[in-house]
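Written below as C-alpha cells is the structure these notes are about.
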Amino acid sequence: MFGEMKIRHLIGVTALFLVPTMVILFFLLLFSDGNVDFISATFGFVFYVVVPVVYFGYDFRKQKLSIRQVVYTKGVTRWIPSIFGIVIISIAFSLSAFWLYLYLLSPVLPFLVDFLLEETPMPESGLFLAFEIIMITILAPIVEEFFFRGVILQRLIKKSSVWGGILISSILFGILHADIIGAFIFGVITALLVIRTGNLLIPILLHMLNNTLAVLLMYVPPTWVEWLDVIAITSRSDIAATAGPHLILLIISSILTAFIVYRLGKGVSRTNLSIRS
C-alpha cells in the first residue's frame, strides 16, 4: 500500500503544482497590492487539497485501494482517553522544549529568536480566517499524517528498519515546524501509533486535537487563560524570566513523554506493520 508509493512522485507532484503557484503569487505580491491573506489561502489550498488529491487519488486508483483500508473507526473508541492524555502531555512538552530551543538560540542567534517570537497576524477577512482554522485543525492533520506517517514512514521502513523509518520521518517532520524538538517527538509518537494500530485515523485524531488546542492558544484572548501568563513568552526578556516554570514543565513532561514512547514502542517490529502493503 503506502510502501509501494514513491516519495519521488510525491515530490514531483508537489513541485508541479506548488512551484507555478508560488511564482504567480510572488508576482502578484511584487507588482500589485497583493492580498496576503489570499496568497496564504491559495498556497494552503494547493498544498493541502490539490497536491494530496492528485497524488493519492492516482496511487489509490492504480493499486485499486480504498481509503477505508487505512482510515477506519473500528477500535478507535478505546484510544480516545489515550489521545487526550497524549495531546496534553505533548503540548506541555512542546511549550517547554520550545522555550529551551529559544534559550539556547538567544545568545548566538538573537535575530532568529525575535523572528520566531513575532506574533502571527490574524486574517482580517472572516472568510480567510475560517479557511485558516479549517486548514490548521482539519486539512493539515489529515494531509500530514498521510504524507509523513503514510508514505514517508512506510517507504523508509521498507528501505531501512522500523526505528530507522520512525526516526528519519520524524526528523523530516520536525524540520518543517518552528518547534523542531516538539514536532520531532510528536512525529515519533504518531508513527508508533500508526505502526501499532495500522489505522491512520488514530494519529489523525491526535493531530487534529493537538492543532485545535494550538489554535485556541493562538486566537483566544489571553485573559481567558490567565494561567498561561506564567510561561508566556512574547519577547527575549521573557525567556530568562520564565525559566523556572519552564524547567519544571520540561522535566515533568519529558518523563511522561519518555513513558509514552516506551509504552508505544515496546515490542514494535516488522510484524506490527499492518498497513505496509
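The values are calculated or read from the model by the stated rules, or taken from the named source; none is laboratory data. Here the structure is a predicted model, which means the values were calculated and not measured. Note that we place each Cβ from the backbone using ideal geometry, even for glycine, and neighbour counts take in every protein chain shown. All accessible areas refer to the heavy atoms of the entire protein, side chains included, with ligands and DNA or RNA removed. Shrake-Rupley method; radii C 1.70, N 1.55, O 1.52, S 1.80 Å.
Quick notes
- Extreme residue, nearest to S161 (Cα to Cα), among residues of region 191-216 that are in contact with an Asp or Glu (Cβ under 7 Å, 6 or more places away or on another chain) and assigned to a helix (DSSP H, G or I): P203
- When K159 is tested against (1) modelled with pLDDT of 90 or more; (2) under 26 Å from V13 (Cβ atoms); (3) not aliphatic (A, V, I, L, M), only condition (1) is not met.
- Per-region count, region 105-115, residues aliphatic (A, V, I, L, M) and surrounded by 15 or more Cβ atoms within 10 Å (Cβ to Cβ): 2
- The number of residues in region 140-165 that are free of Cβ contacts under 8 Å to residues at least 60 places away in the same chain and buried (at least 19 other Cβ atoms within 10 Å of the Cβ) comes to 4.
- When F146 is tested against (1) under 30 Å from V268 (Cβ atoms); (2) more than 15 Å from the chain's Cα centre (by Cα); (3) of a type outside the set (S, T, Y), just one condition goes unmet, and that condition is (2).
- When region 169-178 is limited to residues that are open to solvent by less than 30 Å² (accessible area, probe 1.4 Å) and within 28 Å of E118 (Cβ to Cβ), the one that is farthest from the chain's Cα centre (by Cα) turns out to be S170.
- Checking each residue in region 136-183 for being assigned to a helix (DSSP H, G or I) and acidic (D, E) picks out E144, E145.
- Members of region 179-219 that are open to solvent by less than 50 Å² (accessible area, probe 1.4 Å), β-branched (V, I, T) and farther than 25 Å from I255 by Cβ: I204, V215
- As for region 121-136, it holds no residue that is open to solvent by less than 50 Å² (accessible area, probe 1.4 Å) and farther than 25 Å from T42 by Cα.
- Of the helices (runs of 4 or more DSSP H) lying entirely inside region 1-104, those containing at least 2 residues that are open to solvent by less than 40 Å² (accessible area, probe 1.4 Å) and under 23 Å from S169 (Cβ atoms) are 7-31, 51-62.
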